[in-house]
Structures are given as C-alpha cells and as structure tokens.
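Q: I'd like to ask you about the structure that follows.
The values are calculated or read from the model by the stated rules, or taken from the named source; none is laboratory data. Just so you know, these numbers come straight off a predicted model, no measurement behind them. All Cβ positions, glycine included, derive from the backbone under ideal geometry; neighbour counts span all protein chains shown. Side chains included, ligands, DNA and RNA excluded: accessible areas come from the protein's heavy atoms. Shrake-Rupley method; radii C 1.70, N 1.55, O 1.52, S 1.80 Å.
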Amino acid sequence: MNLYDYSVEFHKLTERRGPGSEEQSKKALSYVPELKEGAHILDIGCANGMQTIILANNTKAHITGIDIVPD
C-alpha cells in the first residue's frame with residue numbers, strides 16, 4: 001500500500017473523511033480576504049463535503065467541490 005492509499009483508507013474512518021475540524025476550517029477561512037458575491041471557490045479533494053458546507057455557510061461564493069475518491 002502506498003502513502004496515498006494509506007491516507008485514503010485512514011480518513012475513511014473519520015467523519016470528515018480528511019484532516020481538520022470545523023474550527024480549523026473557519027480559522028483558515030479567516031485568513032482569506034472577504035469574498036464578494038459571485039466569487040468562485042474550487043474545493044479540490046472535498047471528500048464528503050464537510051469543509052465545503054462550511055465554505056458555503058460562511059461566504060457568498062459559488063463553490064465547486066471535486067474528489068477522485070468515489071467514497
């Protein structure tokens with residue numbers, strides 16, 4: 001098993017399907033200048049979309065989430 005596969009398998013066991021927390025996502029977003037309505041965010045590696053939902057609830061941006069792992 002390579003590092004990528006290990007990471008995917010490990011995070012399948014977590015609610016977010018990836019590292020971090022809601023608080024950490026909001027903290028990271030606080031470093032971004034205010035996004036105006038109509039801005040776009042590309043969430044690469046969105047997993048099950050937990051952080052995507054945080055972005056949607058805390059910005060006026062249009063958000064596209066993509067992930068290569070079907071789960």
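Q: Taking the residues in segment 11-29 that are hydrophobic (A, V, I, L, M, F, W, C) and open to solvent by 40 Å² or more (accessible area, probe 1.4 Å) as candidates, determine which candidate is nearest to the chain's Cα centre (by Cα). Before the answer, list the steps.
A: So the first thing to find is which residues in segment 11-29 are hydrophobic (A, V, I, L, M, F, W, C), and the list is 13, 28-29.
Subset that is open to solvent by 40 Å² or more (accessible area, probe 1.4 Å): 13, 28.
Numbers: L13: 16, A28: 11 Å.
So the residue we want is A28.
Q: Are there any pairs with C-beta distances below 6 angstrom linking a residue in segment 6-28 that is under 21 Å from L55 (Cα atoms) and modelled with pLDDT under 75 to a residue that is open to solvent by less than 50 Å² (accessible area, probe 1.4 Å) and assigned to a helix (DSSP H, G or I), with the two at least 6 apart or on different chains, and if so which?
A: Close Cβ pairs satisfying both conditions: R17/H11; G18/H11.
Q: With the requirement that a residue be touching a helix residue (DSSP H, G or I) at 6+ places or on another chain (Cβ under 8 Å), within 20 Å of L13 (Cβ to Cβ) and either in a helix (DSSP H, G or I) or open to solvent by 50 Å² or more (accessible area, probe 1.4 Å) (or both), what does segment 30-55 give you? Spell out how you get there, then give the answer.
A: Of all residues in segment 30-55, those touching a helix residue (DSSP H, G or I) at 6+ places or on another chain (Cβ under 8 Å) come to 41, 43, 46-47, 50-51, 54-55.
Subset that is within 20 Å of L13 (Cβ to Cβ): 46-47, 50-51.
Answer for segment 30-55, where residues must be touching a helix residue (DSSP H, G or I) at 6+ places or on another chain (Cβ under 8 Å), within 20 Å of L13 (Cβ to Cβ) and either in a helix (DSSP H, G or I) or open to solvent by 50 Å² or more (accessible area, probe 1.4 Å) (or both): M50, Q51.
Q: Oh, and also: Run D67 past the list (1) at pLDDT 90 or above; (2) surrounded by 11 or more Cβ atoms within 10 Å (Cβ to Cβ) and report the number of the one that doesn't hold.
A: Against the list (1) at pLDDT 90 or above; (2) surrounded by 11 or more Cβ atoms within 10 Å (Cβ to Cβ), D67 comes up short only on (1).
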